[in-house]
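Accompanying notes for the structure given below.
The values are calculated or read from the model by the stated rules, or taken from the named source; none is laboratory data. The structure displayed is predicted, hence computed values, not measured ones. Positions of Cβ are backbone-derived with ideal geometry, glycine not excepted, and every protein chain shown enters the neighbour counts.
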Amino acid sequence: MKIKTNDIVKVLSGKSRGKTGKVLQVLEQKKNGRTYVVVEGVNILKKHLRAQRNQKGQVIELPAPVDVSNVMLVDPKSNKPTRVGFKKDGDQKKRVAKKTGEYID
């Protein structure tokens, strides 16, 4: 997986284009093979909650999933969006930023 939880990503398209945020969750759908990410402060939806017996009704804001193709990892060294590659380091396979060649993990 090229994008993981706690990575900093930049949104490339959609209503939140240009925003950056931390990945809170990565969701994979086995049914159709698509991958989504939930990014902090991006694609915010308002959900109306009905009043319960001991609680008042309220409106909460929560981030909705964004398709993984619409986000790009931010390079930790240059703070610019970069593609991700993989390199073998001994027995381990590590993620590498294509712009600077730095290891991400």
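What are the pairs, 6+ residues apart or on separate chains, where a residue within region 91-105 that is basic (Lys, Arg) has its Cβ under 6 Å from a residue that is modelled with pLDDT under 90?
Filtered contacts from region 91-105: Lys94/Asp105; Arg95/Ile104; Arg95/Asp105.
Can you name the residue in region 56-76 that is surrounded by 13 or more Cβ atoms within 10 Å (Cβ to Cβ) and farther than 17 Å from Gly41 by Cβ and, of all such residues, is nearest to the chain's Cα centre (by Cα)?
Only one residue fits best here, namely Val68.
Considering only residues that are surrounded by fewer than 19 Cβ atoms within 10 Å (Cβ to Cβ) and β-branched (Val, Ile, Thr), which ones fall in region 4-24?
Thr5, Ile8, Thr20
Tell me yes or no: at least one residue of region 46-66 is closer than 13 Å to Ile3 by Cβ and of a type in the set (A, V, I, L, M).
Yes, the conditions are met somewhere in region 46-66.
List the strands (runs of 3 or more DSSP E) inside region 1-92, counting only whole elements, that have at least 3 residues being touching a Gly at 6+ places or on another chain (Cβ under 8 Å). Talk me through it step by step, then tell me what you get.
Working: elements: 8-11, 20-28, 35-39, 44-49, 58-63, 71-73, 84-89.
Where strands (runs of 3 or more DSSP E) fall fully within region 1-92 and carry at least 3 residues being touching a Gly at 6+ places or on another chain (Cβ under 8 Å), they are 8-11.
Yes/no per residue for (1) within 22 Å of Ile104 (Cα to Cα); (2) out of contact with any Asp or Glu (no Cβ under 7 Å at 6 or more places or on another chain):
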{"residue": "Lys4", "(1), (2)": "yes, yes"}
{"residue": "Leu12", "(1), (2)": "yes, yes"}
{"residue": "Lys46", "(1), (2)": "no, no"}
{"residue": "Ala51", "(1), (2)": "no, yes"}
{"residue": "Leu62", "(1), (2)": "no, yes"}
{"residue": "Asn70", "(1), (2)": "yes, yes"}
{"residue": "Lys77", "(1), (2)": "yes, no"}
